[in-house]
1. Taking all protein chains in place and a 1.4 Å probe, what share, in percent, of the accessible surface of chain A do carbon and sulfur account for?
2. Residues in the range B:54-89 near a label at B:LYS42, defined as backbone nitrogen under 14 Å from the 7 Å Cα→Cβ point?
3. If you place +1 on the Cβ of every Lys and Arg, -1 on the Cβ of every Asp and Glu, and leave all else neutral, what size is the dipole of the protein assembly as shown about its Cα centre, to the nearest 20 Debye?
4. Roughly how big is the range B:1-97's charge dipole about its Cα centre, with Cβ charges of +1 (Lys, Arg) and -1 (Asp, Glu), in debye to the nearest 20?
5. If you keep only loop residues by DSSP, which trypsin sites (Lys or Arg not before Pro) in the range A:1-69 have at most 13 other Cβ atoms within 10 Å of their Cβ?
6. With contacts defined as alpha carbon pairs under 8 Å and 6 or more residues apart, what's the relative contact order of the range B:2-111 in percent?
7. Let me know the charge dipole size of the range B:1-55 about its Cα centre in debye, to the nearest 20, where only the beta-carbon of Lys, Arg (+1) and Asp, Glu (-1) is charged.
8. For the range B:29-43, just list the computed ³J(HN,Hα) in residue order, Karplus coefficients 6.51, -1.76 and 1.60, θ = phi - 60°, integers in Hz, with x standing in for Gly and Pro.
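The values are calculated or read from the model by the stated rules, or taken from the named source; none is laboratory data. All values reported here derive from a predicted model rather than from experimental measurement. Neighbour counts are summed over all protein chains in view; Cβ atoms, including those assigned to glycine, are modelled from backbone coordinates with ideal geometry. Each accessible area value is taken on the protein alone, full model and side chains, heavy atoms only, with ligands, DNA and RNA left out. Shrake-Rupley method; radii C 1.70, N 1.55, O 1.52, S 1.80 Å.
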Amino acid sequence: DVKVTQSSRYLVKRTGEKVFLECVQDMDHENMFWYRQDPGLGLRLIYFSYDVKMKEKGDIPEGYSVSREKKERFSLILESASTNQTSMYLCASKKAGLQFYGYTFGSGTRLTVV
Amino acid sequence: GENVEQHPSTLSVQEGDSAVIKCTYSDSASNYFPWYKQELGKRPQLIIDIRSNVGEKKDQRIAVTLNKTAKHFSLHITETQPEDSAVYFCAAARGGNKLTFGTGTQLKVEL
């Protein structure tokens, strides 16, 4: 069973702090994704990575960056947290080369910026 | 890029009734359409998907239909049960690319 683990279930951070959200998958998946989930807005893609050291901007990358130094780990970084980044953050992964295959999601990190 | 619209945003049905959630997409090259169910406090989980070369797919009480010409696809749940209560998301992708999700439908099955 594919496991995608997000290091924190809940986080509370102060405005201006640098925040790291960690995601680890254990099934050798090449593709990894970060989404944020907000009521009424669904899941919006922040950044994704097709393989180690690779990263691409999604639909809402402003205020975020990512790091993919190892295949199993994909980190989302909030350079200077702001209150409008209060949200649920979901990490997902997928095996590369499989066109018709859905993602496996982590359990999410609910981030509150005060 | 791809844009996916999903309706309705909330849906309330009586236990045993059917529920239908509809999505439209904009990119005619999209060829993969999964549906995810997210129970309260849990991760989204894939429940069914369909490829563009198929018009309909069924799995027990759930089915998905796809109309490529009109660029819309729908989720059908028959004989709804309380455990079907959740948020449902549709999504679309071209090839093995990233998924674009709809805004979600909160389904409530009332006893």
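1. For chain A, the apolar C and S fraction of the accessible surface comes to 50 percent.
2. Residues passing the 14 Å test: B:81-89.
3. Charge dipole, the protein assembly as shown, about its Cα centre: 540 debye, nearest 20.
4. Details: 11 positive and 12 negative charges, 77 e Å.
That gives a dipole near 360 debye.
5. Taking the range A:1-69 and a limit of 13 other Cβ atoms within 10 Å, the loop trypsin sites (Lys or Arg not before Pro) found are A:LYS3, A:ARG9, A:ARG14, A:LYS18, A:LYS53.
6. Reported relative contact order: 38 percent.
7. 160 debye
8. So the J values, rounded to whole Hz, are 7, 4, 9, 9, 9, x, 10, 10, 10, 10, 6, 4, x, 10, 7.
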